[in-house]
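No value in this document is a laboratory result; all are computed from the given coordinates. All figures in this text were calculated on a predicted structure; none of them were measured in a lab. Every residue, glycine among them, receives a Cβ derived from its backbone with ideal geometry; neighbour counts consider all protein chains shown.
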Amino acid sequence: MENMEVFLTSLEIVGKTALSGIPVGGTLVTCVWDSVKAHAAQRRLDDWKNIIEDRLFILENTLEDMGNNEMFASAMMRATDIAIKTAESEKRKYLANAVYNSIKTPLDESIFMIYLDMLDEYTVWHIKILHYFSNPKAYKGVDVEKFVMGSAMEPLLQAFPELKDRKEIVHKIVKDLQSTGLLPEGVYLGSTMTGNGMVAARTTDLGSGFLEFVTK
């Protein structure tokens with residue numbers, strides 16, 4: 001018991017040691033990696049377990065059903081890997097939706113894994129903006145009657161006022177979504193159009209499928 005207390009005290013001391021006080025040559029990196037696993041990675045794994053349990057708890061499937069479902073197995077392993085890599089708890093919720101949907105999805109596994117790859121690559125803001133473009137008129141804060149002429153950027157910033165001073169990020173996200181075919185090509189964020197055009201739905205079939213995959 002005494003030896004265990006000494007060991008735990010030593011771990012606590014090491015954990016509070018400044019990086020400049022740890023020898024280089026591999027020791028520093030090992031200590032940093034051990035700290036990441038013991039803290040950030042564990043917190044993310046715990047959060048993921050809670051989220052995925054809440055999502056799967058309502059199922060009537062047996063453990064044997066789940067264990068024999070190849071699509072679910074692939075989704076669970078891939079999503080868990082992504083969940084541990086991201087700091088965004090909201091992204092883990094999208095991942096949990098994907099795992100849940102894998103149980104009865106009609107999609108081929110190749111398409112399913114492409115969607116998971118996109119979810120791995122994209123930030124929460126990518127998904128929020130894609131979701132916005134699926135139906136801009138439905139978003140709280142978007143005053144449809146106000147728009148006569150302008151660009152699609154104006155109502156988007158009404159929906160997400162926190163992006164008002166980060167328009168370059170919005171442009172980057174839209175280009176990312178266009179490059180993978182989730183949004184159609186075009187410069188509608190900077191083009192002048194009618195009021196109806198400013199709040200028109202723009203997601204492609206692929207984009208709509210992706211949203212259904214991660215948000216329902």
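Summary table
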| quantity | calculated |
| --- | --- |
| Segment Lys146-Thr192, length gained on full extension (0.36 nm per residue, minus Cα span) | 15.1 nm |
| Spin-label pair Glu154/Asp47, simplified geometry with 7 Å Cα→Cβ offset, distance in nm | 3.7 nm |
| Alpha carbon Rg of the range 68-199, scaled by the compact-globule rule 2.2 N^0.38 Å | 1.21 |
| Burial order of peptide ranges 159-168, 125-134, 91-100 (average beta-carbon count within 10 Å, highest first) | 91-100, 125-134, 159-168 |
| Virtual spin-label span in nm between Ala73 and Lys85, 7 Å along Cα→Cβ | 2.2 nm |
| Label-point separation in nm, Asp65 to Thr123, each point 7 Å along Cα→Cβ | 3.9 nm |
| Local net charge near Arg44, Cβ-Cβ under 9 Å (Lys/Arg +1, Asp/Glu -1) | +1 |
| Dipole magnitude of the range 122-216 about its Cα centre (Cβ charges: Lys, Arg +1; Asp, Glu -1), debye to nearest 20 | 140 debye |
| Percent of C-alpha pairs per 5 Å bin, the range 122-216, short to long | 3, 14, 26, 28, 20, 8, 2 |
